[in-house]
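Data first, discussion second: the structure below is written as C-alpha cells.
Every read-out reported here was derived from the displayed coordinates using simple, explicitly stated rules and does not represent laboratory data. Quick caveat: nothing in here was measured; it's all calculated off a predicted structure. Quick reminder, even Gly has a Cβ in these numbers, built from the backbone with ideal geometry, and neighbours come from all protein chains shown.
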Amino acid sequence: MSSATDALNRVFGYPSFRGQQGDIVDHVIDGGDALVLMPTGGGKSLCYQIPALVRPGTGVVVSPLIALMQDQVDALRTVGVRAGFLNSSQDLDERRVVEAEFLAGELDLLYVAPEGLGTAGVQRLLDRGKISLFAIDEAHCVAQWGHDFRPDYLALSMLHERWPDVPRIALTATATPATRDEIAERLQLTEARHFTASFDRPNIQYRIVGKNSPSRQLLELLRSEHAGDSGIVYCLSRASVEKHAEFLSQNGIPALPYHAGLDARTRFTNQSRFLREDGLVMVATIAFGMGIDKPDVRFVAHLDLPKSLEGYYQETGRAGRDGLPSTAWLAYGLQDVMQQRKMIESSDGDLAFRRNAGQHLEAMLALCESVTCRRAQILSYFGQPSETACGNCDTCLTPPSSWDGTVPAQKLLSTVVRLQKERGQKFGAGQSIDILLGKRTDKVSRFRHDELSVFGIGADLKETEWRGVVRQLLAGGFLAVEGEYGTIALTPRSAEILKGERKVMMRREVPSPRTSSSRSGS
Ligand code: ADP
Ligand code: ZN
C-alpha cells in the first residue's frame, strides 16, 4: 500500500481516494506543482493534507478564511494531525507556541492568512523551518476581475521566487476558463499540472422563479417541500436578513440570522447551532458560508439576485454535499436588475471595475432568462459545455414558453463578424445593437457603421429584446466579453449559429402586474 493511501486510511478513516484525488496527491508528493479545480464538496482539502503528511516538513496552507482556521485546526488535531495556524486573531503568546512547534518540525500543517505571508516576520520564520509544500486555498481570490478578489493574494507569486523548490498546489471551486488562466499566470503556475474535476452537482435541482411576493413564495417552498430541513436563505441586505429570519420564526420555521453587522459572538453562536442542530434555517448575507462543511443542507434559497454566476454557484453548492436530492431556488425580478445596476453605477469603483461588475451581472441574468437547461448553461460558463439537458432543473422539468431567436442571433453575430473581420474593430454590445436598430448615433456616424450591410436590419425587435439576444449568446458561449472595455467577440462556437446548425430559443417575458412599471430597466 502506498504511504498516501495508508495516511488516508489510518488518519482520515476513508477507504479510498475520490475522483482525481489520488492522482493529485501522487503528483504533489513527487514534488510537482498543481492547479486544482473541483466543485465545493469535491474533497480539495485531502489533496494537500495527505501530501503534507507524507512529505517531510510542514505544509503551509494559505487561506483567507481566518474565522475558520481554529475550527479546521481543531478538526485536524482530533484525528491526530499536528496542525497550527498563524493569524491576526492570536495574541503574542499563542503565536510563539505555534512558531516554536513549526521550527521544531512538530507541525504537519500550518495555516496562515495571506496578509501574514506578506510580512517579513513570517517569511523569515518560514526560512528557518522546513516546508513540505504550499497550498493556496480559494485560489480564485488572486483573479483581479473575478468575483472575490483579495489584493493580498497578488503577493503570493513570491512563494515561487523565494522557495523555488517547494511544490505548490492551488485550489479553487470556482473559475471560468479565463479566471483559471489568470490564476495560473499570477501564481506562476503555468507549468503546473492542471486537474479539473466535473463541476456538475447532479443532485441539486436548480430553479429560478419570478419574484412577486418573496416572503410568501419562500414560505410556500419550505412548507411544501422542505419541512423540517436544514437550509440557507440568502438575502442582499442585513435588514432583509433580520426581517426574513423573524418572518420564518413567526411562521413556525426555526431560523437564525447571520450578517456582518451582528457581533462576533452572535455570529459564532448562530453558525455553531446551524452546524450542529437539525432543521435550522440560516437566513444570511453572503458573509455566511465560505468553508462551512455541513453535509445535509437540503436547500439554498436566494431572495435576491446574486451578483455573479460564480457567487451563485458557490452559494448553491453548499446544498447537498451528502449527495442526496437538494434544491437551489432563486426568486428573481426586474427590481433586482435595477437595484444591481444602480449599485454598480453608484459604486466607488472606476470604469473598468463597473464594466467588470456589469459583465458578471449579465451572465447571471442570462441564466435567469434561459429557456434551456440551467445546468447546461452553468457548466458551459465554467468551461464544461454539455450537449444534454439534465432533466433536473426547472426548465427541463417544465419548459417555459419561448420564441425562436435564431435569426436575430445570426444578425447579431454577423454584425460582430463585420466589425471584426471587415473593419478589425471590437465594440461593446451596445454598438452592435445600435447598428442593428439602424440608429445614427455619433459613434455610428464616426466609424461609418451606417455603411455596413447589417445597418438597420434588426429594426423589427426592441432594444430590450436585442439585449436579451446578447445575454443569451453570452450565456451559451457563442459570444465572449473581452478585456477591461467589455468588448464582445466571436468564439469558436459562434459558427454553429451562423451556419444554422443551432437554434437559439428566447424566454418570453411575462410581465407580472407588480413589475411591469419597471420594465425599462432590464
Ligand atoms: P471541498 O474543500 O472541496 O469543498 P472538502 O475537502 O471539505 O471539500 O471535502 C468535502 C467532504 O468530503 C468532507 O466531509 C470530506 O471529509 C469528504 N471527503 C473528501 N474526500 C473523501 C474521500 N476520499 N472519501 C470519503 N470522504 C471524503
Ligand atoms: Zn436541466
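One quarter of the convex hull surface built on the alpha carbon atoms of the stretch 274-330 amounts to 3.9 nm², the projected area averaged over directions. Cβ-to-Cβ counts within 10 Å put ASP74, ASP148 in ascending order as ASP74, ASP148, the fewest first. Amide H to amide H, with H built 1.01 Å from N, VAL504 comes under 5 Å of GLY405, THR406, counting only residues 5 or more places away or on other chains.
Gyration tensor analysis over the Cα atoms of the stretch 406-483 returns equivalent ellipsoid semi-axes of 18, 15, 11 Å (largest first, whole Å).
Under 15 Å from the Cβ of TYR313, count the other residues' Cβ atoms, weight Lys and Arg +1, Asp and Glu -1, and hand me the total.
Combined, the nearby Lys, Arg, Asp and Glu give +3.
Measuring spread by the Cα atoms of the chain yields a radius of gyration and Dmax of 24.7, 75 Å. Principal-axis analysis of the Cα atoms of the chain puts helix 214-225 at an angle of about 60° to the longest axis. Per the Kirkwood formula on distinct C-alpha pairs, the Rh of the stretch 129-240 is how many angstrom? Final number for the Kirkwood radius of the stretch 129-240 is 17.6 Å.
By counting other Cβ atoms within 10 Å of each Cβ, how are TRP163, TRP329 ranked from fewest to most?
TRP163, TRP329
Taking amide H as placed 1.01 Å from N in the peptide plane, VAL233 has its amide H under 5 Å from the amide H of MET282, VAL283, ALA284, ALA301, each at least 5 places away in sequence or on another chain. Exposure proxy shown here: for TYR381, TYR111, the number of other Cβ atoms within 10 Å sets the order, fewest to most, as TYR381, TYR111. For LYS503, the lysines whose Cα falls under 23 Å of its own Cα, not counting residues fewer than eight places away in the same chain, are LYS411, LYS462. Near TYR111, the amide H atoms lying under 5 Å from its own belong to VAL61, GLY84, PHE85, LEU86; only residues 5 or more places off or on other chains count, and H is placed 1.01 Å from N. Each residue of the stretch 116-122 is assigned a 3J(HN,Hα), and the resulting list reads x, 4, x, 8, 4, x, 5 Hz, derived from the Karplus form 6.51 cos²θ - 1.76 cosθ + 1.60 (θ = phi - 60°), x at Gly and Pro. The phi-based Karplus calculation (6.51 cos²θ - 1.76 cosθ + 1.60; θ = phi - 60°) puts the 3J(HN,Hα) values of the stretch 496-503 at 4, 7, 4, 7, x, 7, 9, 8 Hz, whole numbers, x for Gly and Pro. Taking the square roots of 5 times each eigenvalue of the Cα gyration tensor of the stretch 389-439, largest first, gives ellipsoid semi-axes of 32, 13, 9 Å.
On a 0 to 90° scale, report how tilted helix 406-417 is relative to the longest principal axis of the chain, with both axes built from alpha carbons and the result rounded to the nearest 10. Taking the Cα atoms of the chain, the angle to 406-417 is about 80 degrees. Taking every alpha-carbon pair within the stretch 214-336, the share separated by more than 26 Å comes to 10 percent. So for the chain, taking the charge dipole from beta-carbon charges (+1 Lys/Arg, -1 Asp/Glu), which of VAL407, SER89, SER215 sits furthest toward the positive end? Going by the Cα projections, it comes out as VAL407.
Tell me which GluC sites (Glu not before Pro) from the stretch 134-208 have a DSSP coil assignment and no more than 12 other beta carbons within 10 Å of their own.
On the way: sites: GLU138, GLU161, GLU182, GLU185, GLU191; in loops: GLU138, GLU191.
Of the GluC sites (Glu not before Pro), the ones in loops of the stretch 134-208 whose Cβ has at most 12 other Cβ atoms within 10 Å are GLU191.
Of all aspartates and glutamates in the structure, those lying under 17 Å Cα to Cα from LYS130, and not within fewer than 8 positions of it along the same chain, are ASP30, GLU99, GLU101, GLU106, ASP108, GLU161, ASP165.
Each Lys and Arg Cβ is given +1 and each Asp and Glu Cβ -1; about its Cα centre, the chain then shows a dipole of about 1440 debye. Is the stretch 1-150 best put as rounded, prolate or oblate by its Cα gyration tensor, with a ≥ b ≥ c the root eigenvalues, rounded for a/c under 1.5, and otherwise prolate when a/b is larger than b/c, oblate when not? Oblate, because a/c is 1.5 or more while a/b does not exceed b/c. Which angle from 0 to 90°, rounded to the nearest 10, does the C-alpha axis of helix 463-476 make with the longest principal axis of the chain? Relative to the chain, helix 463-476 is tipped by roughly 40 degrees. Placing unit charges on the Cβ atoms of the charged side chains and taking the dipole of the chain about its Cα centre, the candidate lying farthest along the positive direction among ALA239, THR196, GLN339 is GLN339.
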